[in-house]
Amino acid sequence: MNATASLTADTICRTVELGVTITGAALDGEQTRLFCSPAIVDPTCPECEVAGTLRDHVERKVTDLPIVGYPTRLQIRVPRFTCNNDECELKIFQQRMPLLAQARAKTTGRCTRWILQRLAVDRTSVSAVAKALGLGWDLVNDLALSKIRDMVYDQPGHFDRVRILGVDEHKWKHVRGDGSESFVTVLVDLTPVVDGTGPARLLDMIPGRSAKVMND
């Protein structure tokens, strides 16, 4: 792909947000494959911060936002380096790409945010989102739950100033007849309601019924 075509593709697909540049493209059935490489090669060792020597390349595949309604896969040619610091325990390392995705993640960071927007704002079903991305229902659901927990429940201070706790159980089942637990226990912070400072605040939803969950 020539420089002009690459710049055009990068602009349309906004791959600069991911720290990669498009080097080629192909259609694979219902999927669009974009071949990419890092926009900037960084040989810095993440352990000792000494520059390494290029060793080889590995291919990383991640799911990105759909293009014109079709699932998209990015195939990135990621450089690997040999650390030049003899005292460093990390002999071989792969270039980190934090703008693209977390380590070992199968979707780009912006794709995960898109999933939450489609589910929470656009009120789209998990099945519809999974179909748009060409992914399984379970994976999309797990990505959404994991991201929400990271954004809300795992934040420092999430349980600060909770004085009055509301507990209730709710029958909630995504798939009928799969043998999984039908009930979840809902934990709510009622402190703002009692104080007259605002609405109740959801703290967590735990699989199982109230008594068992609270005893555990």
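Nearest 10 degrees, 0 to 90: what angle lies between the long axis of helix 137-148 and the longest principal axis of the chain (Cα atoms)?
80 degrees
Per residue, how large is the accessible surface of region 1-154? Use a 1.4 angstrom probe and give square angstrom. Display every interim value, and only then the final one.
Values: 9280 Å² over 154 residues.
Normalised by residue count, the accessible surface of region 1-154 is 60 Å².
Among DSSP beta bridges lying fully in region 9-83, give the percent that are antiparallel, nearest 5. Could the numbers behind the result be given before it?
On the way: 22 of 27 bridges.
If we restrict to bridges inside region 9-83, about 80 percent are antiparallel.
The list [x] 1, 6, 11, 13, 13, 12, 11, 10, 8, 8, 5, 2, 0; [y] 1, 7, 15, 19, 21, 17, 11, 6, 2, 0, 0; [z] 1, 6, 11, 14, 15, 14, 13, 10, 7, 4, 3, 1, 0, 0 gives values of P(r) over Cα pairs in 5 Å bins from 0, in percent, and only one came from this structure; which label was calculated from it?
So the structure-derived entry is [x].
What percentage of the solvent-accessible surface of the chain, computed with a 1.4 Å probe over protein heavy atoms, is contributed by carbon and sulfur atoms? Please report the intermediate quantities before stating the final value.
Values: 7340 of 13760 Å².
So the carbon and sulfur contribution to the accessible surface is 53 percent.
Considering the chain as a Gaussian network with a 10 Å cut-off on Cα pairs, which listed residue, M205, M97, M151, attains the greatest mean-square fluctuation?
Taking springs between Cα atoms under 10 Å, the residue moving most is M205.
I'd like the Karplus ³J(HN,Hα) series for region 117-123: coefficients 6.51, -1.76, 1.60, θ = phi - 60°, whole numbers in Hz, and an x wherever there's a Gly or Pro.
5, 5, 6, 8, 8, 8, 6
Could you give the radius of gyration (one decimal) and Dmax (whole number) of the Cα atoms in region 44-116, in Å?
15.1, 50
The values are calculated or read from the model by the stated rules, or taken from the named source; none is laboratory data. Please read these numbers as outputs of a predicted model, since none were measured by experiment. Ligands, DNA and RNA are excluded from the accessible area calculation, which covers all protein heavy atoms including side chains. Shrake-Rupley method; radii C 1.70, N 1.55, O 1.52, S 1.80 Å.
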